[in-house]
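Enquirer: Below are the structure tokens for one structure; questions will follow.
The values are calculated or read from the model by the stated rules, or taken from the named source; none is laboratory data. A quick note: this is a predicted structure, and the numbers were derived from the prediction, not measured. Note that each Cβ is placed from the backbone with ideal geometry, even for glycine, and that neighbours are counted across all protein chains shown.
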Amino acid sequence: MWNFAIADVTFAECASVPLQPQNLAANSEGYRAVLTSQIPSSDGGSTVTGYNACRGVISGGETLLASGGCANLGNVLTCTNTELAGSF
């Protein structure tokens, strides 16, 4: 015969995916692109630790920036990509 005891159970709300940054803007300065944004309206219940930036000339054809000023971003709201010469 099996005996089972049920202990008190507490449920915690799990974090969800944060919303996207707000008011994203890109400005060109010569061969540089300066990206700025504001914090998301919701962090999904956990701290945002970083962002990825992509670039491309057609929607859906973007590639992740792996080098330059907008690569490997931490929790920042501005970056400058200086590797635009001859990119487009």
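Enquirer: Among the residues of segment 1-22, write down those that are at pLDDT 80 or above and either aromatic (Phe, Trp, Tyr) or within 20 Å of Gly69 (Cβ to Cβ) (or both).
Expert: Pro21
Enquirer: On to the next question. Exactly one of these conditions fails for Leu35: (1) more than 14 Å from the chain's Cα centre (by Cα); (2) at pLDDT 80 or above. Give me its number.
Expert: Failed condition: (1).
Enquirer: With the requirement that a residue be touching a residue at least 24 places away in the same chain (Cβ under 8 Å), part of a loop (DSSP other than H, G, I, E, B) and either in contact with a Gly (Cβ under 7 Å, 6 or more places away or on another chain) or not acidic (Asp, Glu) (or both), what does segment 30-68 give you?
Expert: Across segment 30-68, the qualifying residues are Tyr31, Ile39, Ser42, Gly44, Gly45, Ser46, Thr47, Val48, Thr49, Gly50, Ala53, Val57.
Enquirer: Could I ask something else about it? Residue by residue through segment 11-32, note down the ones that are within 14 Å of Thr78 (Cα to Cα) and within 16 Å of the chain's Cα centre (by Cα).
Expert: Residues satisfying the conditions are Pro21, Gln22, Asn23, Leu24, Ala25, Ala26.
Enquirer: Please find, within segment 64-79, the residue that is modelled with the lowest pLDDT out of those that are touching a strand residue (DSSP E or B) at 6+ places or on another chain (Cβ under 6 Å) and loosely packed, with under 14 Cβ neighbours inside 10 Å.
Expert: By that ranking, first place goes to Thr78.
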